Amino acid sequence: MASRVMAIAAHPGDCLFTMGAQVALAIHQGGAGVFVSLTLGEKGSPRNIPVREYGEMQRAASRKAARMLGADFELLTWPDAEIPLKDEVSLAVCDLIRGHKPDTVITHWSGSWHKDHQNCHIIVRDALFYAGLATMARQDPPHNAGRVYYAENWEDDSNFQPDTYLDISPVYEKWLQACDVYPMWRGQTGFFRYHDYYSSLAVMRGCLSNFRQAVALMSDPTQRTRRLQEFR
Ligand SMILES: [Zn+2]
């Protein structure tokens, strides 16, 4: 059955670079995909571009990238670098989960040096809880999102232990093209070589999983238990 995937990140770049191939694959297979970014990532601006202007560039890039992949993009606008760890944010994400009804959610792993990424991890955990809580009255009825995976991200590398490999070879090129609409993808705004890192990482993960290109995912520890009545 085709998946409905929701990718939730602190910044639009995290959505596309670390979760975009998974979303693209779900759509390619006849499912649906939606990106959610908690901020516009506006403070990643290089010095010669004002923060507000850079935020609008990020918004335009996100819309274009989503269009290229056939995905939706929900751009929330909490301040970059200052995502508050509040129920208000978790409830906004809860409402998006109830509205889009994903069966798979991908987000940041908690082992990050970046405070926005750490907060996003906790916010999504709470949002999933609220989304499924039958007694929590919101506009839409409750929805249990099913599987939760954490994406491989160079900034969230502490104790990241992948247990799942996803073959992204059918959408690899298309995904890279969508990433390329972001002003930071080729290192224009800082030192990090996103294109080189993530395009190579997919090849490396493909080598380990015997796919041409792959992404590695980490299941939520609470979802690793398997219940069997026979070995298979
Ligand atoms: Zn980020």
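The values are calculated or read from the model by the stated rules, or taken from the named source; none is laboratory data. The structure presented is a predicted model; accordingly, all values stated were derived computationally and were not measured. Because the Cβ atoms are built from the backbone with ideal geometry, glycine has one as well, and the counts that use them run over all protein chains shown. Heads up: the accessible areas ignore ligands, DNA and RNA and are worked out on the full protein's heavy atoms, side chains in. Shrake-Rupley method; radii C 1.70, N 1.55, O 1.52, S 1.80 Å.
Tabulated results
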item	result
Count of region 110-141 residues which are within 13 Å of the ligand (Cβ to nearest atom), in contact with a Ser or Thr (Cβ under 6 Å, 6 or more places away or on another chain) and in contact (Cβ under 8 Å) with a residue 12 or more places away in the chain	1
Region 193-209, subset under 15 Å from residue 168 (Cβ atoms) and not aliphatic (A, V, I, L, M), residue most open to solvent (accessible area, probe 1.4 Å)	207
Boolean, residue 186 is touching a helix residue (DSSP H, G or I) at 6+ places or on another chain (Cβ under 6 Å) and either at pLDDT 95 or above or of a type in the set (Ser, Thr, Tyr) (or both)	no
Residues within region 17-41 that are assigned to a helix (DSSP H, G or I) and either in contact with a Pro (Cβ under 6 Å, 6 or more places away or on another chain) or more than 11 Å from the ligand (Cβ to nearest atom) (or both), tallied	10
Residue match in region 44-57 (condition: away from the ligand (no atom under 16 Å from the Cβ), in a helix (DSSP H, G or I), in contact with a His (Cβ under 9 Å, 6 or more places away or on another chain) and at pLDDT 95 or above)	no
Residue within region 211-219 that is open to solvent by 40 Å² or more (accessible area, probe 1.4 Å), in a loop (DSSP other than H, G, I, E, B) and touching a helix residue (DSSP H, G or I) at 6+ places or on another chain (Cβ under 9 Å) present	yes
Of the criteria (1) under 20 Å from residue 221 (Cβ atoms); (2) touching a residue at least 24 places away in the same chain (Cβ under 8 Å); (3) open to solvent by 70 Å² or more (accessible area, probe 1.4 Å), which one residue 43 fails	(1)
Flag for residue 80 being over 25 Å from residue 163 (Cβ atoms), out of contact with any strand residue (DSSP E or B) (no Cβ under 8 Å at 6 or more places or on another chain) and surrounded by fewer than 19 Cβ atoms within 10 Å (Cβ to Cβ)	no
Test set (1) more than 17 Å from residue 97 (Cα to Cα); (2) open to solvent by less than 30 Å² (accessible area, probe 1.4 Å) - residue 53 fails condition number	(2)
Considering residues of region 142-157 that are within 16 Å of the ligand (Cβ to nearest atom) and assigned to a loop (DSSP other than H, G, I, E, B) only, the residue most open to solvent (accessible area, probe 1.4 Å)	157
